[in-house]
Amino acid sequence: MPEAQEDLAIFMDWENIYISTVTEYGTKPNVSAILEKAHEYGRIVSSNAYADWTDADYRNAPPTLYSNGISPRYISARYFPGGKSSKRRTNSIDVMLAVECSDFLHDHPQVDTYVLVTGDGDFIPLVSLLRSRGKKVVVIGVSEATSYHLIESADEFISYASLIEEDRAARERDRAPKKEKADPYQELVRAVETLKKRGNTRVLGQVKQQMIVQLGSFDERNQGFKKFKDFVVEAERRNLVNTVDQDFELQVYLPDEELPRPQESDLASEEPKPEEQIPETPVSASPSGSENGHSSGSREPSSKSPESREPKDTRDTREVKDAKEAFDLTEDLTPYELKTVCQTIAGLRQPASFVEIFSGIRELEERGDLEMSREEIGEVIAAMLDADYLSTSRRKPYEQSKAKMTFYALNREMKEVENLLDSGQG
């Protein structure tokens, strides 16, 4: 007997995929190629496409969708005054897709895989909901028009270009000689070179997105790595690329490029000050209401400025705090917000880098769990340091690194932290 397949459901943001393929490739979406790829993940038990089918661009699509077993779901677009040339559409399509997908999740618990055909980053909360219920989420979208945060949030991302390429390759497989398998590390270098030529920012998500464009698909787990960052670090160990903490995100540079230094902490080449030059001044307690806002973790002043004794990435968090009035964790955050932040940090590897902690909290903001600006996130981390919710240590990020950097660990032995973590388990 053939092996039973898992059930899957498809939810297609037709307007998004249509506009993306027409803009990037000058062609309408290939529904058959999308379904054929989805079949690889299981038995399709439901498939819906969402759009305003009265729109001139989409009104011819329903017959094709019906013939392929896809149900067109009509969502009326609303227009605000100003004429058709300056019309503004509501995001009711996104809302309806998310609502019906949530209902389907509740009514059909046997469905294990969800395929979202879209590139819209507004669906990140939906992806998080599906994954929190133990479902696998596959996103199919046009790489050039897909939010790289959406790519990172899904279990797997499939480039639309790769579907067309696979379809073309399937027809020519017998005639064309087999290509030598591409070296993923060389493809990483090529991706960084391409982004450099375009003048694009080379954060991890965009580098991975470019590799998907080049290879059709890419999954670092096939190379033995749990996260894309680990794959890039391995490439750095092989002297193929360099990584730099810049603007709170890890960015990738070529070995022959001059690395930015004034505002960033270089993971591989920043030489720390010798530890013996950092004076071990005894800690003196200061009142919580002291004028400078520092808690009992502050050091007594010495003949050297604090900047000469503190690692740069620790100074970054303190400078954010010093620029404003002292941020009070218990007064400026609600109990829910403080608990959510602590639980998020506890879920990271311990100890974690400043970038990892900042990105973890920012992800809460992007999902709508918290409302904080980048500046406020920096203030929260600085306040957690001053209140001893976080402890610091200096270590190498990996064995071959030339320099140490500051890492932060949640102080689980602190009663306040222990209570916050316990409250999340009840």
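Just a few scattered comments:
Conditions tested, residue by residue: (1) surrounded by 14 or more Cβ atoms within 10 Å (Cβ to Cβ); (2) outside the structural domain of Val138 (by TED's automatic domain parsing); (3) under 28 Å from Val213 (Cα atoms); (4) at pLDDT below 90.
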{"site": "Pro2", "(1), (2), (3), (4)": "no, yes, no, yes"}
{"site": "Asp13", "(1), (2), (3), (4)": "yes, no, yes, no"}
{"site": "Gly26", "(1), (2), (3), (4)": "no, no, yes, yes"}
{"site": "Val31", "(1), (2), (3), (4)": "yes, no, yes, no"}
{"site": "Ile34", "(1), (2), (3), (4)": "yes, no, yes, no"}
{"site": "Gly42", "(1), (2), (3), (4)": "yes, no, yes, no"}
{"site": "Ser46", "(1), (2), (3), (4)": "yes, no, no, no"}
{"site": "Leu65", "(1), (2), (3), (4)": "yes, no, yes, no"}
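- Residues in region 1-42 that are out of contact with any Leu (no Cβ under 7 Å at 6 or more places or on another chain) and in a strand (DSSP E or B): Asp7, Leu8, Ala9, Ile10, Met12.
- Residue in region 334-354 that is at pLDDT below 80, buried (at least 19 other Cβ atoms within 10 Å of the Cβ) and not assigned by TED's automatic domain parsing to the domain that holds Leu250 present: no
- Summed over region 189-224, residues that are without any contact (Cβ under 8 Å) to a residue 40 or more places away in the chain, surrounded by fewer than 16 Cβ atoms within 10 Å (Cβ to Cβ) and under 19 Å from the mean Cα position of the chain (by Cα) total 2.
- Neighbours by Cβ (under 6 Å, 6+ apart or cross-chain): first from region 109-138, hydroxyl-bearing (Ser, Thr, Tyr); second in a helix (DSSP H, G or I): Tyr114/Leu130; Thr118/Asn16; Ser128/Arg367
The values are calculated or read from the model by the stated rules, or taken from the named source; none is laboratory data. Remember, predicted model here, so these are calculated numbers, not experimental data. Glycine also receives a Cβ, built like all others from the backbone with ideal geometry; neighbour counts cover every protein chain displayed.
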